[in-house]
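Right, one structure below, let's go through it.
The values are calculated or read from the model by the stated rules, or taken from the named source; none is laboratory data. Quick caveat: nothing in here was measured; it's all calculated off a predicted structure. Neighbour counts run over all protein chains shown; Cβ positions are idealised from the backbone, glycine included. Ligands, DNA and RNA are excluded from the accessible area calculation, which covers all protein heavy atoms including side chains. Shrake-Rupley method; radii C 1.70, N 1.55, O 1.52, S 1.80 Å.
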Protein chains: 2
Amino acid sequence: MIPQKKDIEAACKQVQAFTHRTPVLQSSLLNELTGCQVFFKCENFQKMGAFKMRGALNAIGNLSEAQRKAGVVTHSSGNFGQAVALASKSLGVTAYIVMPENAPDVKKAAVKSYGGIITECESTLTAREAASEKIQKETGATFLHPSNDTDVILGNATAGVELLEAHPDLNILMSPIGGGGLIAGTALAAHYYGNSCKVIGGEPFEADDAYRSLKSGIIETNKTAHTIADGLRTHLGDKNFPIIQQWVSEIIRVEEEEIVEAMKLIWERMKIVIEPSSAVPFAALLRNKDQFKGQKVGIILSGGNIDVKKLPF
Amino acid sequence: MIPQKKDIEAACKQVQAFTHRTPVLQSSLLNELTGCQVFFKCENFQKMGAFKMRGALNAIGNLSEAQRKAGVVTHSSGNFGQAVALASKSLGVTAYIVMPENAPDVKKAAVKSYGGIITECESTLTAREAASEKIQKETGATFLHPSNDTDVILGNATAGVELLEAHPDLNILMSPIGGGGLIAGTALAAHYYGNSCKVIGGEPFEADDAYRSLKSGIIETNKTAHTIADGLRTHLGDKNFPIIQQWVSEIIRVEEEEIVEAMKLIWERMKIVIEPSSAVPFAALLRNKDQFKGQKVGIILSGGNIDVKKLPF
């Protein structure tokens, strides 16, 4: 059930044909501040502005010819809808994106600009699922899940692979935890490409389902998820949870103010635009500085899609 | 009087020992929007966050042993003070920085963190000059001008040299125009390292002294300079004006709203933090799109030091 190294190699081939090999940035100031060496993998510079492009490309690329012809469908108010639209365009596949009618115009415009066909619905999960199912029935399109899909996880793994190829001696690899698709991919990358490289996740206290899931051994959910890290409000799934259980050694939870402060530090010191979810692992590192002292730490900055008119600082 | 290629080569050696070779970024989205290929040289990622580090390093590096021992002095409320402080630290020289007492705390803190010795004074030019002269008399320190100094200009030229080394076939090189030190350096780089590479400056209508100077043939000043591009409020000097006259083919003026819009586009599309002055050449390109159609255009993004709590959008 657990993917093999050859599966990741195939994903790299598939994904890298249509993505940027994003840069790995360092900041001597942030190294001084943290007491460790931090290597930031800048997926905010990825096509459509987030790592999600990688998973979408791998999932669509692995469809059969017949499936490709019928198209793909997903429901998303965030980055995955854009990723599926752009990845589909890259591969010549029709993409149906179900979006809540109250989604920001800028996100709808982005999906449209990538050629995605938008169906609007009410903003409840039930309405979104119903709309997706209707499209599946009518068109035969394949449904793509943003995080609980092995091909998506393998696609996401390619970010960690590239980071480890550039810096093979990382002691620790970190990513945020939302639906679990990125951290599971990162864990696979560390396992197959790292040199005793530990994987640590960052998660908001306000949506700490993954932290609780690791403790209890079953997939927990969030009753509420009032976190600024809007990409991290979802819970794990049966495809990524076993990988996370096996290879993620720790999840560090952070307060909302810590997320904003970490985000501000990265903006001010590194001069790059990241979205709040991206700042969570660095916030976790800052919170538990002592634990990272002297280590080489890789952090996946997951994305940079944020409305610059509505900043939390 | 005009510097030679060997002077730039010497500056490169001096400057590159203590600076980042900053990346050159492209955006397919912005290329589509502009109809040309734009290559952004990211001096916002430079040490202390701006190209000014280059000029300061070259000027201090070229001092005699005796001069170095006595230290350097400048007055600045902006990036040049920080640049002189950090460059001095890199070269083991004492830096005296005169700053207006109402300068933002964050800028004073930055100068201090680089080891600069701050003297506060009233915020008038007279008070700043008086304080600098007093320090020169008392310590024997050498005064450094932020833009009208041949070594500073040569240091600044190294950014354009690196951009042309990476992309030798640029048709046009652009930079903002404030005191004239960056555009003069950029013009030298284009002349000695370019292949028929034209140099075009961007300047706010609100402080269009350089535009008027090129027309009249004498150095003009601004009666007011109410521009958001706070690095561009100063006027040219006798060291950089002859270079600008000889090798800058055009200055395009832009409105304040155009600067903000260009800045927002770069933040949102390229996911990088730049200060308003940096956005001026790209605003100029957007204003006169037709003129740039199909060309390869290099733009020096001069810096990224901005208070992210006080954005114009």
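If the condition is being open to solvent by less than 40 Å² (accessible area, probe 1.4 Å) and out of contact with any strand residue (DSSP E or B) (no Cβ under 6 Å at 6 or more places or on another chain), then the range B:109-120 contributes B:110, B:114. For the range A:20-40, the candidate set comprises residues that are in a loop (DSSP other than H, G, I, E, B) and touching a helix residue (DSSP H, G or I) at 6+ places or on another chain (Cβ under 7 Å); within that set, the residue that is surrounded by the most Cβ atoms within 10 Å (Cβ to Cβ) is A:22.
Picking from residues in the range B:152-189 that are hydroxyl-bearing (Ser, Thr, Tyr) and in a helix (DSSP H, G or I), the one that is surrounded by the fewest Cβ atoms within 10 Å (Cβ to Cβ) is B:158. Considering the range A:190-236, the residues that are among the β-branched types (Val, Ile, Thr) and in contact (Cβ under 8 Å) with a residue 60 or more places away in the chain include one that is farthest from residue A:164 (Cα to Cα), namely A:228.
The residues of the range A:280-313 that are open to solvent by 10 Å² or more (accessible area, probe 1.4 Å) and out of contact with any strand residue (DSSP E or B) (no Cβ under 9 Å at 6 or more places or on another chain), listed by number, are A:289, A:290, A:293, A:306, A:307, A:309, A:310, A:311, A:312, A:313.
Here is the figure for the range B:31-52: residues that are within 18 Å of the chain's Cα centre (by Cα) and either more than 13 Å from every other protein chain (Cβ to nearest Cβ) or within 30 Å of residue B:288 (Cα to Cα) (or both) total 12.
Of the candidates A:92, A:61, A:55, the single residue that is more than 30 Å from residue A:283 (Cβ to Cβ), of a type outside the set (A, V, I, L, M) and touching a residue at least 40 places away in the same chain (Cβ under 8 Å) is A:61. Scanning the range A:93-108 for residues that are open to solvent by less than 50 Å² (accessible area, probe 1.4 Å) and part of a loop (DSSP other than H, G, I, E, B) yields A:93, A:103. For the range A:285-306, filtered to residues that are within 30 Å of residue B:313 (Cβ to Cβ) and of a type in the set (Gly, Ala, Ser), the residue that is nearest to the other protein chains (Cβ to nearest Cβ) is A:304.
Only a single criterion out of (1) open to solvent by 50 Å² or more (accessible area, probe 1.4 Å); (2) basic (Lys, Arg); (3) within 9 Å of chain A (Cβ to nearest Cβ) is not satisfied by residue B:264, namely (1).
Scan the range B:73-92 and give yes if some residue there is open to solvent by 50 Å² or more (accessible area, probe 1.4 Å), away from chain A (no Cβ under 14 Å), in contact with a Ser or Thr (Cβ under 7 Å, 6 or more places away or on another chain) and not basic (Lys, Arg), otherwise no. So far as the range B:73-92 goes, no, none of its residues is open to solvent by 50 Å² or more (accessible area, probe 1.4 Å), away from chain A (no Cβ under 14 Å), in contact with a Ser or Thr (Cβ under 7 Å, 6 or more places away or on another chain) and not basic (Lys, Arg). The residue that is most open to solvent (accessible area, probe 1.4 Å), among those in the range A:217-242 that are over 22 Å from residue A:185 (Cα atoms) and among the β-branched types (Val, Ile, Thr), is A:224. Annotation note: Cβ proximity below 7 Å between a residue of the range A:140-167 that is on the phi > 0 side of the Ramachandran plot and a residue that is open to solvent by 10 Å² or more (accessible area, probe 1.4 Å) (sequence gap 6+ or interchain) occurs for A:140/A:70.
Out of all the residues in the range A:200-213, is one or more open to solvent by 60 Å² or more (accessible area, probe 1.4 Å), more than 14 Å from chain B (Cβ to nearest Cβ), farther than 17 Å from residue A:55 by Cα and not aromatic (Phe, Trp, Tyr)? Yes, the range A:200-213 contains a residue that is open to solvent by 60 Å² or more (accessible area, probe 1.4 Å), more than 14 Å from chain B (Cβ to nearest Cβ), farther than 17 Å from residue A:55 by Cα and not aromatic (Phe, Trp, Tyr). The set of residues in the range B:248-261 that are in contact with a helix residue (DSSP H, G or I) (Cβ under 8 Å, 6 or more places away or on another chain), away from chain A (no Cβ under 14 Å) and assigned to a helix (DSSP H, G or I) comprises B:256, B:258, B:259. Checked against (1) surrounded by fewer than 20 Cβ atoms within 10 Å (Cβ to Cβ); (2) away from chain B (no Cβ under 14 Å); (3) farther than 17 Å from residue A:174 by Cα, residue A:245 meets all criteria but (3). Whether any residue in the range B:127-135 is outside the structural domain of residue B:230 (by TED's automatic domain parsing), of a type outside the set (Lys, Arg), surrounded by fewer than 16 Cβ atoms within 10 Å (Cβ to Cβ) and not in a helix (DSSP H, G or I) is what I want to check. The answer is no; no qualifying residue exists.
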